[in-house]
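Heads up: the structure comes next, in structure tokens.
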Amino acid sequence: MSGKYLVTGGAGYVGSVVAQHLLEAGAEVTVLDNLSTGFREGVPAGAAFVEGDIRDAAKWLDPSYDAVLHFAAFSQVGESVVKPEKYWDNNVGGTLALLGAMREAGVRTLVFSSTAATYGEPVSTPITETDPTAPTSPYGASKLAVDHMITGEAKAHGLGAVSLRYFNVAGAYGEYGERHDPESHLIPLVLQVAQGRRDAISVYGDDYPTPDGTCVRDYIHVADLAEAHLLALKAARPGEHLICNLGNGNGFSVREVIETARRVTGHPIPEVPAPRRGGDPAVLVASADTARAKLGWTPSRADLAGIVADAWEFAQQTAGNAREQ
Ligand SMILES: NC(=O)c1ccc[n+]([C@@H]2O[C@H](COP(=O)([O-])OP(=O)(O)OC[C@H]3O[C@@H](n4cnc5c(N)ncnc54)[C@H](O)[C@@H]3O)[C@@H](O)[C@H]2O)c1
Ligand SMILES: O=c1ccn([C@@H]2O[C@H](COP(=O)(O)OP(=O)(O)O[C@H]3O[C@H](CO)[C@H](O)[C@H](O)[C@H]3O)[C@@H](O)[C@H]2O)c(=O)[nH]1
């Protein structure tokens, strides 16, 4: 694959895996990241690195770029409920500046990391892209606002864009994996318990209207997700904004994830009940029919045990045995 790409947020979890896939496909990659939640060592070796903010993207974007893949954002549902202004500022304000810089530089193709959190409580399962969007968190609302901005930019200024609405990204790709600090996502937290870095996993709510009372999510392997980004670059058409869900269409409860991690790691992984976390819908499961039809995407790593095993291998490579606070 030829071409030159700006990857915003490429020092973070998903961005680093996608940047690595682009490099392996033969592309030229520049990562733009302010390291607010990412890590310098997460940037793949073959990529150029600019430490900077997306709000200043105009300093680095030029017409030599074929497209921008935009991952840079804050993405914690719970934090967004208590600090909404942080999410509007970075996710919406930052992307507005980035779109302006792209317009000025004449870079007219965008792939954007949207989210299942744009839908809020689903009206039916699995969720399709035409379902109502009523986010239950400022994080989801900020991402939905960006999707609307991109639609306008495509109509008014000819941008060719694809928003990929990820469900729960998990797993790892070699040396690139999930490493938020502090960690807030279920699978890496569960694996920290397996490593003895935490005493127990808190289960946020066990009275949801689900079979075992805990929240159900659609876990998608980060390498399957990365492949969708490369397909999206090919599918983008000037003046059009395509929105695609990315998930496997299978829901697993928090308890099922913990049980799977016990089997994969061979560790007991104690759990403790905890109050519900603000902004969490009970069930989020994707219909990925649009991604299959429009991108030609077929996820091939849907097995939850395999996803957890890849995350476990990454956790053991990178995390050491430090106790978490
Ligand atoms: N991980 C998931 O389950 C998931 C699910 C749905 C959507 N998403 C979206 O995918 C994207 C990547 O998520 P992730 O899990 O890799 O998060 P991450 O925190 O690991 O990566 C985000 C990266 O963006 C950088 N960044 C943030 N604000 C920036 C700014 N203003 N300028 C430059 N860099 C900035 C951070 O330093 C970090 O490296 C996000 O947009 C997120 O909303 C993630
Ligand atoms: O210690 C924990 C951590 C999480 N959970 C639960 O596990 C489930 C998954 O939580 P994550 O934090 O791993 O993921 P989220 O579902 O909150 O959010 C992720 O998926 C969303 C869409 O599904 C958004 O895209 C968001 O960006 C992304 O972080 C939730 O029910 C959460 O309440 C626990 O019970 N204990």
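The values are calculated or read from the model by the stated rules, or taken from the named source; none is laboratory data. Given the structure is predicted, the values throughout are model-derived calculations rather than measurements. Here Cβ is always computed from backbone atoms with ideal geometry, including for glycine, and neighbour counts include all displayed protein chains.
For residues in the stretch 169-185 being within 8 Å of ligand 2 (Cβ to nearest atom) and surrounded by fewer than 22 Cβ atoms within 10 Å (Cβ to Cβ), which is farthest from Val216 (Cα to Cα)?
By that ranking, first place goes to Ser184.
The conditions are (1) polar (S, T, N, Q); (2) more than 13 Å from ligand 1 (Cβ to nearest atom); (3) more than 18 Å from Arg263 (Cα to Cα); (4) under 22 Å from the mean Cα position of the chain (by Cα), and Asn168 fails exactly one of them. Which is it?
That leaves (2) as the condition not met.
Working carefully through the options Ala11, Ala19, Ala48, find the one that is in the same structural domain as Leu242 (by the TED database), away from ligand 1 (no atom under 13 Å from the Cβ) and at pLDDT 95 or above.
Among Ala11, Ala19, Ala48, only Ala48 is in the same structural domain as Leu242 (by the TED database), away from ligand 1 (no atom under 13 Å from the Cβ) and at pLDDT 95 or above.
For the stretch 90-103, which positions are closer than 30 Å to Ser2 by Cα and surrounded by fewer than 17 Cβ atoms within 10 Å (Cβ to Cβ)?
Once the filter is applied, which keeps residues that are closer than 30 Å to Ser2 by Cα and surrounded by fewer than 17 Cβ atoms within 10 Å (Cβ to Cβ), the stretch 90-103 yields Leu96, Ala97, Gly100.
For Val111, indicate whether it is more than 21 Å from Asp53 (Cα to Cα), more than 10 Å from ligand 1 (Cβ to nearest atom) and either crowded, with 24+ Cβ neighbours inside 10 Å or modelled with pLDDT of 95 or more (or both).
no
Would you point out which residue out of Arg277, Arg292 is within 13 Å of ligand 2 (Cβ to nearest atom) and of a type in the set (Lys, Arg)?
Arg277
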